[in-house]
Amino acid sequence: MDQSLIVFVMVAEKQNFTRAAEALHMTQPAVSQYIQTLERTIGARLLERSNKYVRLTKAGEIVCHHAQEMIRLAEGAMHGLTT
């Protein structure tokens with residue numbers, strides 16, 4: 001599973017880079033780097049940022065939906081292997 005997708009989904013859920021970093025036991029700059037790299041890879045801005053909030057762009061909504069599904073599928077596969 002691509003770590004950048006996990007980081008992106010956490011930022012989307014927490015709507016905050018710092019809270020996402022805390023939940024992932026990472027630094028805020030590391031979270032920012034993952035998001036920037038993912039945005040460059042996809043070629044679209046995924047998050048609208050301000051000092052007060054982080055919101056998904058339209059592209060971010062689409063990527064987040066698919067990333068959440070990929071994470072669920074990966075977790076299901078891992079669970080199937082351990083039972």
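Worth pointing out:
- Using bins of 5 Å that start at zero, the share of Cα-Cα pairs per bin across the range 1-62 amounts to 4, 21, 33, 28, 12, 1, 0, in whole %.
- Screening the chain for whole DSSP H helices with an alpha carbon extent of at least 18 angstrom along the helix axis and a mean Kyte-Doolittle hydropathy of at least -1.0 yields 28-42, 58-82.
- Size of electric dipole in the range 1-63: Cβ of Lys, Arg +1 and of Asp, Glu -1, about Cα centre, debye, nearest 20: 240 debye
- Residue-normalised accessible area of the chain, given per residue in Å² at a 1.4 Å probe: 67 Å²
- Neighbour-limited loop hits for trypsin sites (Lys or Arg not before Pro), the range 20-59 (at most 11 other Cβ within 10 Å; DSSP other than H, G, I, E, B): LYS52
- Residues whose amide H comes within less than 5 Å of that of LEU47, counting only those at least five positions distant or on another chain, are THR57 (H built at 1.01 Å from N in the peptide plane).
- To put it simply, the accessible area of the chain at a 1.4 Å probe is 54 percent carbon and sulfur.
- For the chain, the relative contact order comes to 29 percent (Cα pairs under 8 Å, sequence separation of at least 6).
- Where chymotrypsin sites (Phe, Trp or Tyr not before Pro) fall in DSSP loop in the range 10-71, at most 10 other Cβ within 10 Å: TYR53
- The residues MET70, MET26, MET78, sorted by heavy-atom accessible surface at 1.4 Å with ligands and nucleic acids left out, run MET78, MET70, MET26 from largest to smallest.
- CD proxy at 222 nm, helix term only [per DSSP H run n ≥ 4: -39500 (n - 2.57); per residue of the chain; nearest 500]: -23500 deg cm²/dmol
The values are calculated or read from the model by the stated rules, or taken from the named source; none is laboratory data. Just so it is clear, the structure is predicted and the values come from calculations on it, not from any experiment. Using ideal geometry, Cβ is built from the backbone for each residue, glycine included, and neighbour counts are taken over all protein chains shown. In case anyone asks, the SASA skips ligands and DNA or RNA and just uses the protein heavy atoms, side chains included. Shrake-Rupley method; radii C 1.70, N 1.55, O 1.52, S 1.80 Å.
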